[in-house]
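Quick notes on the structure that follows.
Each reported figure results from applying straightforward, stated rules to the coordinates on display, with no laboratory input. Quick caveat, the model's predicted, so the values are computed rather than measured. Backbone-built Cβ (ideal geometry, glycine too); neighbour counts: all protein chains shown.
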Amino acid sequence: MINEKFRLFAQRISQIAGKPLTFLIAITVIVMWGFSGSMFHYSDTWQLVINTSTTIITFLMVFIIQNTQNRDAKSIQLKLDELIRSTKTARNSMLDLENLTDDEIDILSAEFQELYQKEMRRRGRIKNGSV
């Protein structure tokens, strides 16, 4: 239940944070803070207000952004897995690549690089193994 509430909250906050109006409001707040400096004689407290505010907002936004990026990445991965699964000529071993070790991913990457090189040679676009 808390996961679903957080998901909805994070999704809504990320939608609001990504709007141009939100950016303009943030700029306006910063400009107003800057102009208010003379009223407060550019005191340490005046500086502390903006530093503390931006630190708190940044700290909280890290979790919101991470949540939405995790969801997006997982959704995209599932869509790609479905495309691989539904394509007869695709290798089903490509499903669930995100759980391979870095070494296993490097091996696959080298395999695809070699396939690319072969195709470019076939097309006559590269010579001597370089693009």
*asked:* With angles folded into 0 to 90 degrees, how steeply does helix 44-86 sit against the dominant principal axis of the chain? Use alpha carbons for both and round to 10.
replied: 20 degrees
*Set Lys and Arg Cβ to +1 and Asp and Glu Cβ to -1, take the dipole of the chain about its Cα centre, and tell me which of Gln113, Met1, Thr87 lies farthest positive.*
Thr87
*asked:* Nothing charged except the Cβ atoms of Lys and Arg (+1) and of Asp and Glu (-1): what's the magnitude of the dipole of the range 71-115 about its Cα centre? Round to the nearest 20 debye.
replied: 440 debye
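Calculate for the chain the 222 nm mean residue ellipticity that helices alone would give, adding -39,500 (n - 2.57) per DSSP H run of length 4 or more and normalising by residue count, nearest 500 deg cm²/dmol.
Details: 4 runs with 98 residues, N = 131.
Rounded to the nearest 500, the figure is -26500 deg cm²/dmol.
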*To the nearest 20 debye, what charge dipole does the chain have about its Cα centre, counting +1 at the Cβ of each Lys and Arg and -1 at the Cβ of each Asp and Glu?*
740 debye
*To the nearest 10 degrees, how steep is helix 20-36 against the longest Cα principal axis of the chain, on a 0 to 90 scale?*
40 degrees
*Listed residues Ile16, His41, Thr68: farthest to the positive end of the dipole of the range 1-90 (Cβ charges)*: Thr68
*Using the number of other C-beta atoms within 10 angstrom as an exposure proxy, rank Asp96, Asp81, Asp103 with the fewest first.*
Asp103, Asp96, Asp81
